[in-house]
Every structure is written in C-alpha cells, then in structure tokens.
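A.B. asks: Here it is, the structure, as structure tokens.
Just so you know, all these numbers are worked out from the coordinates, no wet-lab data involved. Predicted, not measured: the structure shown is a model, and the values here were computed from it. Ideal geometry is used to build each Cβ from the backbone, glycine not excepted, and the neighbour counts take in all protein chains shown.
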Amino acid sequence: MINLLIFDHDMTLVDSSDAILAGVNLLADVVGKPHANHSQVMRCIAMPLTQFMEELFGECRPEWLDIYRQKVAPLEFEHIHAFPETGPVLTRLREMGVHLGVASNRQDPHRAMEKSNTARYFDPGTILGPADKVPHKPHPAMIESLMEHFGVPCSETAYVGDSDIDIRTALAAGVRAIGITRGYFTREQFSELGAWRTIDSLTELLSLVRDGTEKE
C-alpha cells in the first residue's frame, strides 16, 4: 500500500530543461564561460547548484551563486511549466486519499511551483528544499521529514524522480524508489540503480497506488 507519494520537482512534475539551459547560458555570458548544451544540463539537473556549476563550468564561485539565485532564477521561473498530466494526476491522487510531498535539490522549490501553478496541489509545509535547512539529496532528510509530518512509515511511502540521485535518496530513506524516464536515465539504468518501478508518465502512478502491490 502506498499512502505517501513524494516527488522530485524538476523534470518530474515540471519541464524545466529549456528554462534551466537558458538560465545557465545567461550566467555563462555574465561570468565568461562557454555555453552548455541540453544534454549537459539534463545530466546535471538533479545536482545541488554548487555541484551543478562545477560540472558545467569546472568551478563554482560564491558570487556566481548569488547572481544565479537573485537574477537568473526569477527569469527561469517564467519558462517552467507543468507536464500535461501533472495537475490531473495530483488531483486524482488527492481524491484517492494519498498524501503528497515534494523533496527537491532546488534551493526553494515552492517559489518555482507557485509560478508553474503546481504548489496548489500540496499542503503547507510539504514542499521541501535546501532553503528549509535540510541537507541536499541524496541525504534522506527531506524524505524522513515528510514521513514524520504525515505519520506514514517508510513501508507505505514512495519517492518519484528522474535521476540517479533520486533513486539513491529513496533507498537511503528505506522507501520505494520510482524512476520516471523524463530525463537522462533509462529504464535499464533505473533498474540497475535499484528502482522498485520505472514509469514513463505520472499517469502510471494511479494504477500503482490502486494495486497496492507489495514492495519488492
């Protein structure tokens, strides 16, 4: 039985790849670094911002983080949009009585979700990111905090994400790991990482919840 579903944000609930690519390349122009391409961004999209910049630019300076958060991110928010099935699936899950949460390495996912109109599907205090004074994934603290918030054990919790970091986070928290093939990782890679299930669309979560299958 799954009573709590926790989601990654970028490329799980929303398509942010083009927005992040544009933002990264705007920053690259400011700091004098070469432009990144879409494949590079998809490979790094789940990383904490510091590691993200190190991977793309070969280094990360504190002032670059300030520029990104203060000037680039607000522009990026304008171009993030929910996947077509996100709203209907979240609505149906709530109707089914499933608790919902978000655990993201984006510094403040709530701000981005307000812009994409997806925050409305989640109760106050259930959208977590590093701004909430919790460690970045793959540390399991965000997952553990949400389980405590809802009073749901790990045996009834699943975490959905598009990257290896998400699978590692779920396994570290002792919950079911569900990979979604939106980004850089394939079904085969998710299986090798230890995912409980891999889906191609959030719509598939409805049958997983209804089936209430045993953890494998």
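A.B. asks: So what is the relative contact order of segment 17-77, in percent, for Cα pairs below 8 Å that sit 6 or more residues apart?
C.D. replies: Relative contact order, segment 17-77: 41 percent.
A.B. asks: In addition: With point charges of +1 on the Cβ of Lys and Arg and -1 on the Cβ of Asp and Glu, referenced to the Cα centre of the chain, which listed residue (SER155, LEU100, PRO140) lies farthest in the positive direction of the dipole?
C.D. replies: LEU100
A.B. asks: Just to check I understand the Karplus step: with θ = phi - 60° and J = 6.51 cos²θ - 1.76 cosθ + 1.60, what whole-Hz values come out for segment 182-198, glycine and proline as x?
C.D. replies: After applying 6.51 cos²θ - 1.76 cosθ + 1.60, I find 9, x, 8, 9, 9, 4, 4, 5, 4, 4, 5, 6, x, 5, 6, 9, 10 Hz.
A.B. asks: Return the calculated 222 nm mean residue ellipticity for the chain, to the nearest 500 deg cm²/dmol, obtained by summing -39500 (n - 2.57) across DSSP H runs with n ≥ 4 and dividing by the residue count.
C.D. replies: Result for the chain, helices only: -12000 deg cm²/dmol.
A.B. asks: Normalised by the number of residues in the chain, what is the relative contact order in percent for Cα pairs under 8 Å and 6+ residues apart?
C.D. replies: This gives 25 percent for the chain.
A.B. asks: Let me have the relative contact order for segment 163-216, percent, based on Cα pairs under 8 Å that are six or more residues apart.
C.D. replies: 32 percent
A.B. asks: Another question, then. Where in segment 150-216 are there trypsin sites (Lys or Arg not before Pro) that are in a DSSP coil and have at most 14 other Cβ atoms within 10 angstrom of their Cβ?
C.D. replies: When the trypsin sites (Lys or Arg not before Pro) of segment 150-216 are filtered for loop state and at most 14 Cβ neighbours within 10 Å, LYS215 remain.
A.B. asks: Work out the length of the dipole vector of the chain about its Cα centre, built from +1 on the beta-carbon of each Lys and Arg and -1 on the beta-carbon of each Asp and Glu, and round it to the nearest 20 debye.
C.D. replies: Charge dipole, the chain, about its Cα centre: 200 debye, nearest 20.
A.B. asks: State the antiparallel share, in %, of DSSP beta bridges confined to the chain, rounding to the nearest 5.
C.D. replies: Antiparallel: roughly 10 percent of the beta bridges in the chain.
A.B. asks: Continuing with this model, one more query. So what's the gap between the Cα centers of segment 117-143 and segment 28-90, to the nearest angstrom?
C.D. replies: Centre-to-centre (Cα) distance: 18 Å.
A.B. asks: In angstroms, what radius of gyration and Dmax does segment 17-77 have, counting Cα atoms only?
C.D. replies: Here Rg and the maximum Cα pair distance are 10.1, 26 Å.
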